Structure formats: C-alpha cells, structure tokens
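Attaching a single structure in structure tokens format; questions to follow.
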Amino acid sequence: MRTNGLGKRAVAMSVFLASMTPAPALAQSGDAVALVGVNVIPMETATETVLENQTIVTDGDRITAMGPVGTIDVPDGATVVEGNGGYVIPGLIDTHSHLLDNEDALILHVANGVTTIRDPNIDYVGTGPAILGWRDEIATGQRLGPEIVAAKSLGALPPQFSGVFDNLDQVTGPWVSISPAALELAMDAESGAALVAKAHEQGYDIIKVNWFLSRATFDGIVAAADELGMSIVAHVPADVGIEHLVRSGGEIQHNPNLIAYVAKDYERRPGANYLDVFDLSEADQKLPDLVELMVEAGVAFTPTMSTDAAAFEIFSSLPDPGQAAMFQRPEYRYVKPATLAEWKDPAAGELAVILRDAGASRLEDILPPVAQREQMWEHYQKQLVALVDAGVPVLVGTDSSALGVVWGFSEHRELELFVQAGLTPYQALEAATRIPSEVMGRADDIGTITVGERADLVLLGANPLDDITNTSQIDGVMVRGRWMAQTDLQSMLDELANKYEADAAGAVVMEPFSGELFSGVAPTGWNELEPGVLARGNPEVDPTVFVQLAAPNTGAQELAAGVLQRYGITDLGSPSDRFESEHLAWDIYLIQHEVGVIGLGLSEQDGTAYLVLLVAQPDQADLLAKSAFFPALGAFDPAG
C-alpha cells in the first residue's frame, strides 16, 4: 500500500480528478426544453403580475410557447423540467460588471442567474481582446457565459500632465508627430472622436466616459458615438459637470458621482471619490432638482449600491479589513485567493491606491468618519427611492471586482439593498430585467418572459415578490436555451472552489491540452523548457519539473532510461505500485534523489511507451502528487 512520499494521495485524489472532469451533461441550446408547472413573473410592465401554473417551451435560444399547464403541447423529445410550483423570472442583468482577467467570473454570473452583463471597461487590465473573444464565443454557443456588452473606456491625462503633448512636439517636431489617439488618450475633440471610431471598428458595443476629459473633448466623443449608435455610460469629469453630462444623454455610474450636485462646498480630490470633501446638510433640499433634471433628460442611472456597502463595511473594519463580517459569507469561496487576499490587505489593491492618491500612511486618517459614511448611505437610499418614484430608469449594476464585490452573487446583494432602501421587490426586479433591457435598446430580446424573446430564465424555489432574498434560491438557470439544474450549477461552483483551495494551499492547477500523440492535462503557467518538459520556475533555483512523453516503437524502460540519465539514475528498480486509469495501466516508481523526490509513471500500449515524471522537493511532494502527478496519469489519453 501507499505509505509515503508521492504515494500519499488516496483521500485528495478524487477531489483533484473531479476538477478535471467535463461539465455535467446539460440541455444544449439546440434542444427543446419545457418548464412545466411554474409560476411566471413575466416583468412585461410596471404592474406586478404573476401567471400561475404555466408551461414555458423553448427551442433553440428562443421562447416558443407559454400558457397554462394543459394548454401547451410539449414537443416530442423535449427535456421536461418539473417546476413544482417554483417561480420563473427573466435572466438577470448586471449593467456594471468588470470581468478583468477573471474568466471564471462567467461561471459565477451564470450560476447566479445573471445572463447579461455590461462590462464598462473591458481593457481595465489589458484584457480587451480576450473579452471580445469571450463575447463572440458566448454569442455563438462555443462558451458558457452571460451575454457581454463591451465598453471602451476613454479618458485623458490628469491636469498636471495636460501639457505633455505640447512638450513632446517641441522635442520631436517637426518630423515626428505624436498623436494622443495613438496612445488612446482623448486630449481633444478630434482625438476623442477618432478613438470612438476605432472602438467601433474593433467591435466595442458602447463607450464609457472616464476622468479628466475637457467639456469640448466630451462633446466630441458624444457626437461621434451618437453617429455610430454607441451609447454613453459615464463617470463625471470635473470640467464636464453633472448637468451637462446628463443633458448630453450620458448614463452616470455610481452614487458618489451625483454627490456634487446636491452637496455644499464640494471639493473633488485626486483619486477615489471617498476622498472628496463635501457637506450634505442641504442635500434633501437639492435632491428634487437633481431628480427633475434627470427626468427631463430621460437618462438612466446605475447607483452600484453594493460597492458602497462593501467599501463602508471594510472601512469600518480598519486597520484589519480581513475582519469584516462580509468575508464570512459563502460566496467568498468562489473568489481567487490572490484577489481575496488583495481585498483584505490595507496595503494592496484599491486600498493601496487610496493611500497613494492621498499621500497618507493610514487609511483611517483620510477616509470619511463613521458619522459621515452613515449620512452618505442614508442619502444614497433617499436618492434611489426618489429617482425610481419619479420614473428615472435606475439599473442594477454591481461594480463586481471592486473591493469585496463578488461576480454574480453581488446581483442578489444589490437587489436586497434596493429593497432595504425602500423599493418593493417588484421595483428591484424591474431594475435588473425589463428596465435595463429597455435602456440598452434590447426590449424585444431580453429582460422579460414573452414568446419570441431569448430563452434566458431563472427558476426559483420561492416567490421573490414575497422576499427579494428568494432570488438566491435558484433551482435552475437557462442561458440562451441551455438548461442547467441547481445540481449542475453547484457542480461548476464546486469545481472553482476546489481549484481555489488547491491554489491557496500551493497546489498546481492543471489545464487540458491536446497533442499529436496524446492528450491530457498539464500545470498551468509553468515554463516549457522543451516539448513535454515543464519547469515551475527557473530550473537553476527551483528543481520542480514535470514531464509527459510518448515514444512510438519504444519500450517503457528504454524511454525512462533516456529521461533518468539526466539525473544520473541508471537502475530504476521495481515499481512501488500500480495505477489504473481509464486508458492505461501505469507502473509507479518512487525515487529518492539529491534534487528531490522523483515520481515516475510508465506504461506501454500498442508498441508505444508513455511516461509521466514529477521532480519535487520533499516537503512539497505529497501536494504536487495530489494536484499534478496523479491527475496527469488519470487524464493521459493515447487517443489524443
């Protein structure tokens, strides 16, 4: 039996192999599906409506029929889902979600019933081309995820650098011309318009207006975007101002970006809005004017309440933000360890940026005190209710990826915060379904449950109109006609949690590959020294190496001898164990060597030899065996 070194893998083996298995068998978007015996909340109008005991039939990515049970024919061969009196709402929409470089966020959104997102800056961390690729793959059914509406963010240099291009011209002219547009900075109306045209050509859907733009540049961007049919979402550049931006048709993002309109003695400070100085003593008197302005302009607003709630809770936990009670919620299992550590570290991430911008050493010295934060939160709640009551289209957007805001899960948090502020559950749901679909010009496609619309549906175990937290009681999600039961969704979440737990423990994350002679899995992010040979780092410093090879017309012992001679090993000895995978039977060898522990798997089939080898330092051998060596043996497929 396995007693030491690389052999200790019995308990954890099933977990790591499970993370390598394909996703559960799901109803594909080309299959007909019937949800039978469900209560439908169609969200078609502002009037609260529940259609009881319905059947919904979908085919492909469209809703093809809906009506009372017994009046709708279920197509032969359709996947039948018994609704058992559950409640169906349209797929949810998050109008402000940053994917960044987190491909796993797509799964988090889907698992939470979020079937459409608007990413307001897909280039935030340089991943714009990748996210455009994800968007297109999702649209064609090649990738599972929410529809992505992709924004190109346009901004300018801060005022202290505003003369940089004049200075560059003095140095480089007259033979060399420096174009702000080439550097993707909108320094004037012409370069702003050029960047809008470029974004349109590159396939971006909308434009986000960011900081430091002059009013003339902003107007040039808006005019160019309007001509190309690209809507504007916006922060509020100081030179543009709230009133001009609203009258231009821009959709303002985030609560703090409206503060300047209602505050007394407002002073915009460099950096995060939380550093601004203002007096809210007259906010109640000025709020009606702001509401009237937005009603007259017919513009929408995305408050991102979740961001403020998370930030304020973290601020209240300083100097140790990791002690915030929010981090005990289950959704943080599904956040990458590096991201979670950054959120909890006062010297990292957004918190570090706040410190840097303020030139301070302690956050407690520069952030608004508790009393002011409470006053701000009370104002945000009043503002939300006032805008909704006046008919301003207010949208659910969460700013997921911001400090402590988890993709997908934050949608339900935002809905709860809307209701806590004073909205009804139906009003909150409108802001996550029908209203954003109308604002985005997609009312005939998403946001409601009607025949002909896209089959984006969420089946809930309880009525969200009784308790908005019931939106989290998800029994199944349909994305573009693809049905996933709660067990399927949980399986995908569990895979992420297992992967992150392994990552936090220092284990290896394996990813699939397909080669000429075989396919399998290999360590993510390791350096390929030569075909089939991967090093974790610099081999001169870290001896950890992973090898997978196939050799036609060669014996296993011969193949092993060629590899092991690099380590001066000439006598392999007898195998210490056998391992049976789906495709191959492996002899397992465990070798103690001066460079570390060497685990070796050898197999032969149809005249071809196969080898998997791992060199690990003794204190890491067990972990790497569980997370890399045995998963590789299990996934090794000679069929390629």
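The values are calculated or read from the model by the stated rules, or taken from the named source; none is laboratory data. Please read these numbers as outputs of a predicted model, since none were measured by experiment. Cβ coordinates were reconstructed from backbone atoms using ideal geometry, including for glycine residues, and neighbour counts include every protein chain displayed. Just the protein is used for accessible areas: all its heavy atoms, side chains included, with ligands, DNA and RNA removed. Shrake-Rupley method; radii C 1.70, N 1.55, O 1.52, S 1.80 Å.
In vacuum, with every alpha carbon of region 187-333 counted as one equal point scatterer, what does the Debye formula give for log10 I(q)/I(0) at q = 0.10, 0.11, 0.12 Å⁻¹? Two decimals, please.
Per q value, in the given order, log10 I(q)/I(0) is -0.45, -0.53, -0.62.
Please give the residues of region 278-320, grouped as numeric ranges, whose backbone N is less than 16 Å from a label point set 7 Å along the Cα-to-Cβ vector of residue 371.
Zone members listed by number: 278-282.
Below 8 Å, C-alpha to C-alpha, sequence gap of six or more: please give me the relative contact order for region 194-298 in percent.
20
Using the Kirkwood radius over Cα pairs, work out the Stokes-Einstein diffusion coefficient for region 244-330 at 25 °C and 0.890 mPa s, in µm²/s as a whole number.
So the translational diffusion coefficient is about 165 µm²/s.
Further, regarding this structure: Rounded to whole Å and sorted largest first, list the principal axis extents of the Cα atoms in the chain.
Here the Cα extents, ordered largest to smallest, are 86, 78, 51 Å.
If r is the Cβ-Cβ distance from residue 540 to residue 264 and R0 is 56 Å, what FRET efficiency results, to the nearest 0.05?
For R0 = 56 Å, the calculated efficiency reads 0.30.
Ok, one more. Please give the Cα centre distance for region 199-233 versus region 585-611, rounded to the nearest Å.
Cα centroid of region 199-233 versus Cα centroid of region 585-611: 59 Å apart.
Taking the chain as the reference, fit the longest principal axis to its C-alpha atoms, fit the long axis of helix 486-504 to the helix C-alpha atoms, and give the angle between the two in degrees, 0 to 90, nearest 10.
Once rounded, one gets 70 degrees.
Along the principal axes of its C-alpha atoms, what lengths does region 417-466 span, in descending order and rounded to whole Å?
Extents along the principal axes, in whole Å: 33, 27, 12.
A further question follows. Give me the distance between the Cα centres of region 394-423 and region 543-579, rounded to whole Å.
Result: 54 Å between the Cα centres.
Through the Karplus equation 6.51 cos²θ - 1.76 cosθ + 1.60, θ set to phi - 60°, convert the phi angles of region 372-385 into ³J(HN,Hα) values in whole Hz; use x for Gly and Pro.
5, 4, 5, 5, 4, 5, 4, 5, 4, 5, 4, 4, 4, 5
If I take R0 = 35 Å and measure r between the Cβ atoms of residue 570 and residue 491 in this structure, what FRET efficiency does the formula 1/(1 + (r/R0)^6) give, to the nearest 0.05?
0.15
Just to check, using Stokes-Einstein with a Kirkwood Rh over alpha carbon pairs, what's the diffusion coefficient of region 432-516 at 20 °C and 1.002 mPa s in µm²/s?
So the translational diffusion coefficient is about 135 µm²/s.
For the chain, with every protein chain kept in place, what is the accessible area per residue (1.4 Å probe, Å²)?
About 42 Å² of surface per residue is accessible.
Can you compute the radius of gyration and Dmax for region 281-404, using only the Cα atoms, both in Å?
Taking only Cα atoms of region 281-404, I get Rg and Dmax of 16.8, 46 Å.
Sticking with this one: Starting from the 7 Å offset along Cα-to-Cβ, what nm value, one decimal, do you get for the label separation of residue 325 and residue 202?
Going from the residue 325 label point to the residue 202 one covers 4.4 nm.
Equivalent ellipsoid semi-axes for region 491-591, as square roots of 5 times the alpha carbon gyration tensor eigenvalues: give them largest first, rounded to whole Å.
Sorted largest first and rounded, they come to 26, 18, 15 Å.
Let me ask something else about it. Using the Cα centre of the chain as origin and beta-carbon charges of +1 (Lys, Arg) and -1 (Asp, Glu), tell me which of 99, 260, 417 is placed farthest towards the positive end of the dipole.
Of the candidates, 99 comes out farthest on the positive side.
Moving on to the next point. Based only on Cα atoms, what mean projected area does the convex hull of region 203-282 have, in nm²?
5.6
Moving to a separate point now. Sorted from largest down, give the three principal axis spans of the alpha carbons of region 84-143, whole angstrom values.
46, 24, 15
If one puts a single equal scatterer on every Cα of region 516-568 and applies the Debye formula without solvent, what log₁₀ I(q)/I(0) results at q = 0.25, 0.31 Å⁻¹?
Log10 of I(q)/I(0), two decimals: -1.11, -1.27.
Averaging sequence separations of C-alpha pairs under 8 Å and six or more residues apart, then dividing by the length of the chain, give the relative contact order as a whole percent.
Computed over the chain, the figure is 16 percent.
Take the eigenvalues of the Cα gyration tensor for region 356-421, scale each by 5, and report the square roots as semi-axes in whole Å, largest first.
Output for region 356-421: semi-axes of 27, 18, 10 Å.
Can you list the equivalent-ellipsoid semi-axes of region 521-640, largest first and in whole Å, using the square root of 5 times each Cα gyration tensor eigenvalue?
21, 16, 14
Now, a different point. First compute the accessible area of the chain with a 1.4 Å probe, then give the percent of it belonging to carbon and sulfur atoms.
49
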